[in-house]
Amino acid sequence: MDFRPAVFFEALTSPAFITGVELTISLTVVSMVAGLGLGLLLALMRGSPVAAVRTVAWGYIWIFRAIPTLVQLLFVWDALPQLIPAFRGEWFSPFFAGAIALSINEAAYAAEIFRGGLLSIDDGQRLAARALGMSPVKVFSKVIAPQLIRVTIPPLSNDFITMLKITSLASVISLQELLARTQTLVASTFRFVEYYSAAAIYYLVLVSIFMVIQAQIERRFVWSSQAPTGRGTLSRVRQLAVLR
Amino acid sequence: MSEPRPLGHLLDESVLGEPVAASHATSEGYLLEAIDLHRRYGHNEVLRGVSFGVHRGDVKAVLGPSGSGKSTMLRCLALLEPVDRGEVRLEGKRIGVRESGGRLVPLSEATLARERSNIGMVFQRFNLFPHLTAVGNVMIGLTEVRGKSPTEARDIAKNMLDRVGLAERAKYFPGELSGGQQQRVAIARALVMNPKAMLFDEPTSALDPELVGGILSIMEELANEGMTMVVVTHEVGFARRVADRVIMMDGGLIIEDAPPTEFFESPQQERTRKFLEAVQ
């Protein structure tokens, strides 16, 4: 067996790896936040009384769930500048292209999760809130959103983890995230086992950290007088999600 | 039976922090009136011309088989549902519409919201907000609609919960309360808004039999304190004892409207007689 622990540990702590990880995290967070925002909008559009609005949302979801993520990435990075001259500028970096492609893709999935969440909320909730005299914005932010967050945390967490991993696809558009860094190092050393293992360990650690965060958030959404009532994280998460 | 309580136990200026709207509403003519309400869903005509009025402080009980349009009628009165034809009047003023270029058009959802807050509504399935505690449920209308500070709203809400007998349950979530307790929270949630009238949509139909009495006695208390009420119910005893007038609805129409003694002793319509035989 040819496994050199020294090379493995060196890879784990190498600055190149760390910058790759940073890029992976920021691309995940940016794409996820933009994707969730657009996804929520699409979900609300699918419930619109206007048929044209519903159709637009349906068409979006149909297209971007059907096309492979890798094709979307390549299209945004290579085809978009050909199609639209505005995208030929210096500013159109691999990171930017990756974030656009991944958030467009995520929005299509998140829209369906949000739609399912909205369907799961009893009509009586909306009715009671309206009867109290709440405006449509208040009905959504104070009554619907908190319940929507609770039911969508598990499926959206799944999406988050998927996103963390598919950012590695962005290595094909020369974004120097974790996988691209690994491949560069492998190419110069041919130490496949050590470097790919180190990359795997990083993904494992990142997902584990996220799982802990998810559990924390879920605990805050247990609506019981017996549950530990925390302030900090909870109110921040709520404020984030309330979308005024 | 609960022990007798002083008048103004539920409708108390010192709890609300302002004059009780229900007892200061103008009482010329009807306080709440439905005129020729029509409502259809596709080909299904749910309301086919419903008219009635309630004087200030009166209780109107509404009976009728399911599908007769009772709930829809109540939702139209609460402005939760638009009417295709007809009007709803509160204190003689037409609500839910505005004049624009000589024509009446429905109000925007945001303006409707303000008008809705003058009419309290209690639902069959309570519809409490599961993410808020009992006190959170009662105060949310005050903070989000009336613009009161959280401190003031919490005080009012706690006092109102105390009045409906739930002081020690204030910090519990709806999922931790019995049906009867949930419905009392729902009543408190409507009352703190200081409504001019209250609408009840089968408030005891989803309750275990032993919890029905508690809710009915709160409603009776409310009636005694002068709240104007429209109550859709199957509780014949309550209608007989508390209502000033009883309405029978069938097929989207009011087929009988009479004082309780007359209504129950000598109903004019064969349909009413059959219905009463079936429910009693």
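Taking all Cα-Cα distances within the stretch B:92-187, those exceeding 16 Å account for 62%.
For chain A, the longest principal axis of the C-alpha atoms and the axis of helix A:145-166 are separated by about 20°.
Any idea what the relative contact order of the stretch A:16-242 is, in percent, if you count C-alpha pairs under 8 Å spaced at least 6 apart? Answer for the stretch A:16-242 is 28 percent.
Rounded to whole numbers, the Karplus 3J(HN,Hα) couplings from phi for the stretch B:48-53 are 10, x, 9, 10, 6, x Hz, using 6.51 cos²θ - 1.76 cosθ + 1.60 with θ = phi - 60°, and x at Gly and Pro.
Give the residue from A:134, A:117, A:144 lying farthest towards the positive end of the charge dipole for the stretch A:112-158; charges sit on Cβ (+1 for Lys and Arg, -1 for Asp and Glu) and the dipole is referred to the Cα centre. Positive-end residue among those listed: A:134.
Would you mind counting up the charge near residue A:112? Only other residues with Cβ under 13 Å from its Cβ, with Lys and Arg at +1 and Asp and Glu at -1. Local charge sum for residue A:112: +1.
Rounded to the nearest 10 degrees, the inclination of helix A:15-46 to the longest alpha-carbon principal axis of chain A is 30 degrees.
The ellipsoid equivalent to the alpha-carbon distribution of the stretch A:99-208 has semi-axes of 44, 13, 9 angstrom, derived from the gyration tensor eigenvalues as √(5λ) and listed largest first. GNM remark for chain A: springs join alpha carbons under 10 Å apart, and the peak mean-square fluctuation among A:149, A:161, A:84 falls on A:84. Taking the three principal axes of the alpha carbon atoms in the protein assembly as shown, the coordinate ranges are 99, 51, 42 Å, sorted in descending order.
Net charge dipole, the stretch B:142-280: roughly 520 debye, given to the nearest 20, about the Cα centre with Cβ charges of +1 for Lys and Arg and -1 for Asp and Glu.
Whole-Hz Karplus values for the stretch B:33-38 come out as 9, 10, 10, 6, 6, 10 Hz, taken residue by residue from phi with 6.51 cos²θ - 1.76 cosθ + 1.60 and θ = phi - 60°; glycine and proline positions read x. The stretch B:217-280 and the stretch B:123-145 have Cα centres separated by 29 Å.
Note on residue A:142: aspartates and glutamates with a C-alpha under 18 Å away, same-chain residues under 8 apart excluded, are A:122, A:123, B:109, B:144. Across peptide B:120-132, the mean count of Cβ atoms from other chains lying within 10 Å of each residue's own Cβ comes to 5. Counting only Cβ charges, +1 for Lys and Arg and -1 for Asp and Glu, the dipole size of chain A around its Cα centre is about 1060 debye.
Of the chymotrypsin sites (Phe, Trp or Tyr not before Pro) found in the stretch A:152-198, those in coil by DSSP whose Cβ has at most 12 other Cβ atoms within 10 Å are A:190. Over the Cα atoms of the stretch A:16-242, the radius of gyration divided by the Kirkwood radius equals 1.03; this is the Rg/Rh ratio.
Sorting the Cα pairs of chain B by distance into bins of 10 Å, from 0 upward, gives 7, 29, 36, 22, 6, 0 percent per bin.
Summing Cβ point charges (Lys, Arg +1; Asp, Glu -1) relative to the Cα centre of the stretch B:201-260 gives a dipole of roughly 160 debye.
For chain A, the longest principal axis of the C-alpha atoms and the axis of helix A:51-66 are separated by about 20°.
Here, each number is a calculation from the coordinates, and none is a lab measurement. Model, not experiment: these values are computed from the prediction. Heads up, the Cβs are rebuilt from the backbone with ideal geometry, glycines too, and the neighbour counts pull from every protein chain shown.
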